[in-house]
Amino acid sequence: MSNNRQPATIYQVAAQAGVSIATVSRALNGSDTVAESTRKRVLIAVKELKFRPSRLGQSLAEGRHAANGIVFPDLSGPYYAEVVLGYEEVAAELGSSVLILSTHGRPDPAGKVMDLARRVDGMVVISRTVADTVIAQVTEIGIPVVLLARPAVGSCDTLNADNVDSAHDLVGHLVEHGYERFGFLGDPAGSPDVHARYEAFRAALRAAGRRSPRAPLRCDFDVESGRRAAARALRRPARPEVLVCGNDETALGALEAAKELDLSVPEDVVITGWDDVMAARYAGLTTVRQPMRELGATAARWLQERIAGNAGPVRRETLATQLIVRSSCGVHDHKT
């Protein structure tokens, strides 16, 4: 006789006990909605069939997917990759698989998000990947949503990293060392985070008695876009002494542009970034360190709590960031 017997399924347990698979799941989870006589029948069937419940099987029985979704603009950048890694690590610890959706370049991103919402138990939405109305539609069908790096929408839990205090720290540090002419590299309309950074940058300059900078040098948030935009700025007769960049990739592009124009950093131009990705550390880039993995991990925990039925107050939280001073601004007060 063969010993390669297939493991019993929750459907077989339900059939032997004469109940639905949902009742099997509730009985195994200790729900008080199941009559004691029914629970005994289920447990007898479980023992006779040597059934071993799986998280996935219980999720299916309860009408859940055992999967969470995460929506972000573009996985090609190191910032989003780090956030997603933090999210996936915690989701795996909590027993959920992760379905990811990058909206960059996709037709009908709103439709893609709604399709994902029908296949997951909850989702995290990063930045302004879709309009607020789409977020509202997802919550209306009963799917918990956690927002990350974007303004709050309705009753969704919302998690951000600090942009204001750290922008003031950065500008204060540069002003203290005598710099006068500032430029900002990046498109504030392209990201809620960058918009907040730009507005705080302008406010900090005003508070320090410096004149307002020119309009931002608008560009996408990748190395090549940063290189092209910085090259235009650095060719001006009255080029800025400082280029504050909306993220590290843009700043790395600006470093390339300075090198191509035979300009020395920081003697001819100071360049700073935002995020503190790994490449920034090797490039000696002064930047603002974001808790990227912590953002993803916290969002995953919050989402799982909502999926599990936590009906507590709506959460709005801002995680601290840290100014990291390196050689690209010419001073090394607390190099890290």
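The calculated Kirkwood hydrodynamic radius for the range 155-204 is 11.9 Å, given to one decimal from all distinct C-alpha pairs. The amide H of residue 270, built 1.01 Å from its N in the peptide plane, has 242, 243 as neighbours under 5 Å, considering only residues 5 or more places off or on other chains.
Distance distribution P(r), the chain, all Cα-Cα pairs, bin width 20 angstrom from 0: 28, 43, 20, 9, 0 percent.
Taken as Cα centroids, the range 70-120 and the range 171-193 sit 30 Å apart, rounded to the nearest whole angstrom.
Among beta bridges from DSSP that stay inside the chain, the antiparallel ones total about 10%. Here the relative contact order of the chain, from alpha carbon pairs under 8 Å that lie six or more residues apart, stands at 16 percent. When the helices of the chain are scored as -39500 (n - 2.57) per DSSP H run of n ≥ 4 and the total is divided over every residue, the value at 222 nm lands at -13000 deg cm²/dmol. Relative to the longest principal axis of the Cα atoms of the chain, helix 78-93 runs at roughly 20 degrees.
Any read-out appearing in this document is the output of simple, stated calculations on the displayed coordinates, not a laboratory observation. All values reported here derive from a predicted model rather than from experimental measurement.
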